[in-house]
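Each value in this text was obtained by applying a stated rule to the coordinates, not by laboratory testing. The model shown is predicted, which means the values in this text are computed figures rather than measured ones. With ideal geometry, Cβ positions are generated from the backbone for all residues, glycine too; neighbour counts draw on all protein chains shown.
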Amino acid sequence: MSLDVPVLPDRPLDRAAAVAEPPPRPARRGRHGLPFSGWHLLLVPVAVLFLVPFVEMFLTSLTPEGEINAFPRPFFPHALTLDGYQRLFEQSDILHWLLNSAIVSVVGVGSHLVLCSLAGYGFARLRFPGRDLGFLAVLATIMIPTQLLMIPTYVLFARVGLIDSLGAAIVPWLASAFGIFLMRQFFLSLPAELEEAGLIDGCTRVQVFFRIVLPLARPALATLAIFTLLGSWNDLVWPLIAINDDQAFTLQLGLTNFQGTRRTDWALLMAGNVVATLPLIAFFLVAQKQFIATMTFSGLKG
Amino acid sequence: MTSTLTSPPAAGRGGPESPPPPSARSRRRRTGTALEGWGFVAPALVIVLGLSIFPAIWAFVLSLQEWNGFSTPTFVGGDNYAELVGDGALGGAVLHTVLYTVLFVPSAVLLGLFLAVALNRRIRFVGLYRTAIFVPFVASAAATGILTTYLFNPQFGLMNNLLRVLGLPQQGWLEDPQQAMVVITVMSLWGQAAFTTVIYLAALQDVPGDVVEAARIDGADAWQIFWRVVWPQLVPVTTFVAIYLTLQAVQLFDLVYTTTRGGPLNATETIVYYLWQTAFRELDFGYGSAVAYGLFFVTLVATVVITVQQRRAAAKEESR
């Protein structure tokens, strides 16, 4: 849930590009007698500090079982093994959970891209009775915190038979106020001339939307996709409430449950952690600029 | 709503055919049909409103009831809200939440500011530093929870291992009621530093370069330039970030669930954790809803008051 309306940058995507590449500054080397900027002395330890948990995660997932609980514990394992991963795949339904999470995220992202861009376009470009009221209602929902909705949504889903099914995890990710808002802002920033030309040439509004507008909206769609992917893949609270059947567990829920039952098998737990985190880390490394754009536009977590 | 862009005409889809307009300019003023507009917005709107405004109203109705999900609900009026006041466990949860907020928000703001200033320069490897600091942003609460319990494990965690090597006394970390919330704060910072840093990086790029240059020519040192020239420009963003982080902090649940489950000795039981327990462990839907509304009301009022004050202060500043 975000309350980011007041200081939204007008063009978050341009902004993100600027953030990714800071402006040139006059290099003033050697001021402290160093052959490099003094900031390195600060940034190296900070960067290492931020990476330590991930390094520990990978190392531990590859450490032989006996070594982790040894005392004193060595900082680096003496041998690397895939035993932790083997136990993970043997003792848990991790592949099933992975598939469930993939379904939730793929359906969520796909639905978000279609529904939110349609609605965003409608609110940005079309005129129809009730439009402003409808958009105001969307904005108002941004103010409503998640925990206010947990109980009634649970009761609602129980009444329609969604509880304990994967559907319970999927439905809340079909569309969001944030998505509608983001797409509307983007479409408002596009010049209308191209669309008008299309309409004059005899395209229907729907054709104009799919053939002219959507291809131009790629940067905004990337932001929206990342927002939805991060949120749906990492969501824990809602699956925790809505799903008790381990056949419908998402990866995050399965992992958290596993943490309670396999308290001491750290190699296995960390292997599960790697499986849950590595896809997003890899994706972040290849699409860092788009992730930054998403962060600039909103705060996601929580 | 504030759109100045007018809608181009809908090319012959639905609605009565009107005579061809004389010019493109007046064509543009023609309004699309209601059916078409609602066709575009309705699918998403139904989902978003159906899963927010409708349940929000329902939650208020529930908060006036005594209900466990199975029995017939009984109307109790404001009893649930009256109960909030004398609820000792809730009082504890409020204190723990306030403690976390006080620990987390200022440190997140300072860390983000510091990292943004450090990263906002053209030096070698700055891309690598940025990547290292931003990557934890993708870690889920579940993953962060497992990492936290591991790194801060008193027996074989990295933290105590380091302390041992340095010859310092071992700590209880998550098992120590005095330290557990601090550990949770540290790991929250690890995961969320990227967000505040990105916001500050964006704000730093808005600081006009010629003003900074003028200050430099006038003989200001880097420290003076930052606090006298740059910082005043960052105040509005700081207010936004602080409000945003506070709203997040008072809703802390995930990381508590995946690390301490409210312990030790309830030291990390937050408001939302208490709410979750009340509703989904004790099945007290009515009281749970009242807790949720109480929290919502307090945060909403606080946000409005702070925002209004900020606007006033900004207006005063401008009129000077």
| What list do you get for B:319, A:232, A:176 if you sort them by fewest beta carbons within 10 Å? | B:319, A:232, A:176
| task | Quick one: P(r) of segment B:32-77 from all Cα-Cα pairs, 5 Å bins, percents rounded to integers, in order of increasing distance. | result | 5, 19, 15, 14, 12, 10, 8, 7, 7, 2
| request: For residue B:65, list long-range residues whose amide hydrogen, built 1.01 Å from N in the peptide plane, is under 5 Å from its own amide hydrogen. | output: B:76
| task | Calculate the mean, over all residues of peptide B:249-255, of how many other protein chain Cβ atoms lie within 10 angstrom of the residue's Cβ. | result | 4
| remark: Any residue on another chain or 5+ positions along whose placed amide H is under 5 Å from the amide H of residue A:163 is listed here as A:158
| How big is the charge dipole of segment A:170-283 about its Cα centre, in debye rounded to the nearest 20, if each Lys and Arg gets +1 on its Cβ and each Asp and Glu gets -1 on its Cβ? | 180
| Counting other C-beta atoms within 10 Å, which of A:165, A:37, A:105 has the fewest, and how do the rest follow? | A:165, A:37, A:105
| query | Going by how many other Cβ atoms sit within 10 Å of their own, how do A:263, A:73 line up, fewest first? | reply | A:263, A:73
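So if I place +1 on the C-beta of Lys and Arg and -1 on the C-beta of Asp and Glu, and nothing else carries charge, what would the dipole magnitude of segment A:43-297 be about its Cα centre? I want it in debye, nearest 20.
700
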| message | Taking 2.2 N^0.38 Å as the expected size of a compact globular protein, what ratio does the Cα radius of gyration of segment A:134-226 give against it, to two decimals? | response | 1.45
| Per residue Cα convex hull volume in Å³ - calculated over chain A | 195
| query | Using θ = phi - 60° and the Karplus form 6.51 cos²θ - 1.76 cosθ + 1.60, what ³J(HN,Hα) does each residue of segment A:206-211 get, whole Hz, x for Gly and Pro? | reply | 5, 5, 4, 4, 6, 8
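For segment B:139-244, state which trypsin sites (Lys or Arg not before Pro) are in a DSSP loop and have at most 11 other beta carbons lying within 10 Å of their beta carbon.
none
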| field | Two-decimal ratio, chain B, of alpha-carbon radius of gyration to 2.2 N^0.38 Å | value | 1.34
| note | Farthest towards the positive end of the dipole of chain A, among A:202, A:161, A:264 and with Cβ unit charges of +1 on Lys and Arg and -1 on Asp and Glu, lies the Cα of A:202
| Reduced Cα scattering model of segment B:55-150, Debye log10 I(q)/I(0), q = 0.11, 0.19 Å⁻¹ | -0.67, -1.06
| query | Can you work out ³J(HN,Hα) from phi for every residue in segment A:226-235, in order, using Karplus 6.51 cos²θ - 1.76 cosθ + 1.60 and θ = phi - 60°, giving whole Hz and x for Gly and Pro? | reply | 5, 4, 5, 4, 4, x, 6, 5, 8, 4
| field | For segment A:120-192 and segment B:179-217, distance of Cα centres in Å | value | 31
| message | Please check: in the Gaussian network model of chain A (C-alpha springs, under 10 Å), which one of A:91, A:252, A:185 has the largest mean-square fluctuation. | response | A:91
| remark: Only helices counted: for the protein assembly as shown, with every DSSP H run of 4 or more residues adding -39500 (n - 2.57) and the sum spread over all residues, [θ] at 222 nm is -21000 deg cm²/dmol
| note | Karplus-derived 3J(HN,Hα) from phi for segment A:280-295 (6.51 cos²θ - 1.76 cosθ + 1.60, θ = phi - 60°), whole Hz, x at Gly and Pro, runs 6, 4, 4, 5, 4, 5, 8, 10, 4, 5, 5, 5, 5, 4, 5, 5
| task | Please list, in chain and number order, the residues 5+ apart from residue A:36 or on another chain whose amide H is under 5 Å from its amide H, with Hs placed from the backbone. | result | A:30
| task | Any chance you could check the Cα centroid distance between segment A:195-241 and segment B:108-129 for me, in angstrom? | result | 32
| If you count, for every residue in B:196-207, the Cβ atoms of partner chains within 10 Å of its Cβ, what is the mean? | 5
| Which whole-number percent of Cα pairs in the protein assembly as shown have a distance greater than 32 Å? | 54
| request: Positive end of the charge dipole of segment B:87-283 (Lys, Arg +1 and Asp, Glu -1 on Cβ, about the Cα centre): tell me which of B:212, B:132, B:173 has its Cα farthest that way. | output: B:132
| field | Values of log10 I(q)/I(0), in the order q = 0.16, 0.25, 0.26 Å⁻¹, for segment B:219-292 under a Debye, Cα-only, solvent-free model | value | -0.68, -1.08, -1.11
| Rg/Rg_ref, segment A:68-179, where Rg_ref = 2.2 N^0.38 Å and atoms are Cα | 1.68
